[in-house]
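S.K.: Questions regarding the structure given below will be posed in turn.
The values are calculated or read from the model by the stated rules, or taken from the named source; none is laboratory data. Computed from a predicted structure; not experimentally measured. Every residue, glycine as well, gets a Cβ built from its backbone with ideal geometry; the counts of neighbours run over all protein chains shown.
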Amino acid sequence: MLKNILGNSIVQFVIGRLIGLYMLFVGVTTRWRGVNQAAVEPFWAGQGKMVACVWHGRFTQAHKLWVFHRGAPKMKMLVSQSREGGIVAHAALTVGADLVRGSSAKGGQQKGGLEAMRQMARHLQDGGAICVTPDGPRGPRMRFKRGPVQLAKLADAKLVALAWATSNRIVFEKSWDKFILPLPFGRGVLIWGNPIDPPALDASDAEFEIVRLKIEAEMLRIAAEADRIAGLPIIEPAPLKPEPTTQAEEAAHAS
């Protein structure tokens, strides 16, 4: 029943716009402090291509980490084609971002991921910026997937980590992403990570993985820093899954 209601385009519009207005309200009633803003200012001026990355649980104030004045590069946000994605799409439009809809294939069913990748690459080549949630849409929490690194590689764009925290918040502990609902009238911190170069077009798998781990570590670093500055408990990432053991390794352990 609830899924059918959330699948209604009118319901998605109303809920999404209300969420977007709330996001704006929290943004203007919070006393913000910026950290390392100089790292992103060249991109605000159109100097370079950027794939901005914010954890899924913190997307609600991602708009505070960009500028939407005339002349600034247009920010587009990747949003999944799910029911929840429809709501997020309207919220993103309300705060000033544009959209690219799509996500990776699931169960053999295409979700528009390839076309979304093409659209984002074209937008970057045209001078725009892209914002993604690299652990979305379903996790694992705060673990960086390969897709944004592949996009940065194709478009020769820098990867930039974004994070924020507010002193007043509710954390939904049982949600997969430990979703953060910021509350108004508190203190807040906005942190921009240091830009990270994409892999070379001819990068090996090992070189690609080095970049992925580097941007993941930067995102974890600034998220923890944001929580510390706001005087809050640090939200931890999901535990790493153990690497599958090969037959050779099993034999070595058995000997």
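S.K.: When you scan the stretch 20-36, how many residues do you find that are surrounded by fewer than 18 Cβ atoms within 10 Å (Cβ to Cβ), of a type outside the set (D, E, K, R) and touching a residue at least 60 places away in the same chain (Cβ under 8 Å)? Explain how you work it out, then say what you get.
M.R.: Within the stretch 20-36, the first condition is being surrounded by fewer than 18 Cβ atoms within 10 Å (Cβ to Cβ), and the residues that meet it are 21-22, 24-25, 28-29, 31-36.
Applying the additional criterion that residues be of a type outside the set (D, E, K, R) yields 21-22, 24-25, 28-29, 32, 34-36.
Among the residues that remain, those that are also touching a residue at least 60 places away in the same chain (Cβ under 8 Å) are: 21, 24-25, 29, 32, 34-36.
So the count comes out to 8.
S.K.: If you don't mind, there's one more thing I want to ask. Just to be sure before I move on: is K214 in contact with a strand residue (DSSP E or B) (Cβ under 6 Å, 6 or more places away or on another chain) and in a loop (DSSP other than H, G, I, E, B) in the structure I sent?
M.R.: So K214 does not fit the description; no.
S.K.: Could you tell me how many of the residues in the stretch 192-227 are closer than 27 Å to G20 by Cβ and in contact with an Asp or Glu (Cβ under 6 Å, 6 or more places away or on another chain)?
M.R.: 1
S.K.: Can you tell me which residues in the stretch 83-114 are outside any loop (DSSP other than H, G, I, E, B), surrounded by fewer than 22 Cβ atoms within 10 Å (Cβ to Cβ), modelled with pLDDT of 90 or more and out of contact with any Leu (no Cβ under 8 Å at 6 or more places or on another chain)?
M.R.: Once the filter is applied, which keeps residues that are outside any loop (DSSP other than H, G, I, E, B), surrounded by fewer than 22 Cβ atoms within 10 Å (Cβ to Cβ), modelled with pLDDT of 90 or more and out of contact with any Leu (no Cβ under 8 Å at 6 or more places or on another chain), the stretch 83-114 yields H90, D98.
S.K.: Which of (1) of a type outside the set (A, V, I, L, M, F, W, C); (2) surrounded by 21 or more Cβ atoms within 10 Å (Cβ to Cβ); (3) under 21 Å from N194 (Cα atoms); (4) free of Cβ contacts under 8 Å to residues at least 60 places away in the same chain is the odd one out, the single condition S80 does not satisfy?
M.R.: Checking S80 against (1) of a type outside the set (A, V, I, L, M, F, W, C); (2) surrounded by 21 or more Cβ atoms within 10 Å (Cβ to Cβ); (3) under 21 Å from N194 (Cα atoms); (4) free of Cβ contacts under 8 Å to residues at least 60 places away in the same chain, the one that fails is (3).
S.K.: Now for a separate question. Is one or more of the residues making up the stretch 132-140 over 21 Å from I229 (Cα atoms), among the β-branched types (V, I, T), out of contact with any His (no Cβ under 9 Å at 6 or more places or on another chain) and surrounded by fewer than 16 Cβ atoms within 10 Å (Cβ to Cβ)? Lay out the reasoning, then the answer.
M.R.: Taking the stretch 132-140 as the starting set, the residues that turn out to be over 21 Å from I229 (Cα atoms) are 132-140.
Now narrow it down to the ones that are among the β-branched types (V, I, T): 132-133.
Checking the rest, the ones that are also out of contact with any His (no Cβ under 9 Å at 6 or more places or on another chain) come to 132.
Going one step further and asking which of them are surrounded by fewer than 16 Cβ atoms within 10 Å (Cβ to Cβ), we end up with none.
No, the stretch 132-140 has no match at all.
S.K.: Oh, and also: Among the residues of the stretch 54-77, is there at least one that is without any contact (Cβ under 8 Å) to a residue 40 or more places away in the chain, touching a Pro at 6+ places or on another chain (Cβ under 8 Å), hydrophobic (A, V, I, L, M, F, W, C) and crowded, with 16+ Cβ neighbours inside 10 Å?
M.R.: no
S.K.: Please tell me if R146 is closer than 26 Å to L181 by Cβ, among the basic types (K, R) and surrounded by fewer than 21 Cβ atoms within 10 Å (Cβ to Cβ).
M.R.: Details: closer than 26 Å to L181 by Cβ: no; among the basic types (K, R): yes; surrounded by fewer than 21 Cβ atoms within 10 Å (Cβ to Cβ): yes.
So R146 does not fit the description; no.
S.K.: When the residues of the stretch 130-180 are filtered to those that are small (G, A, S) and in a loop (DSSP other than H, G, I, E, B), which remaining residue is modelled with the lowest pLDDT?
M.R.: Across the stretch 130-180, the extreme among qualifying residues is G136.
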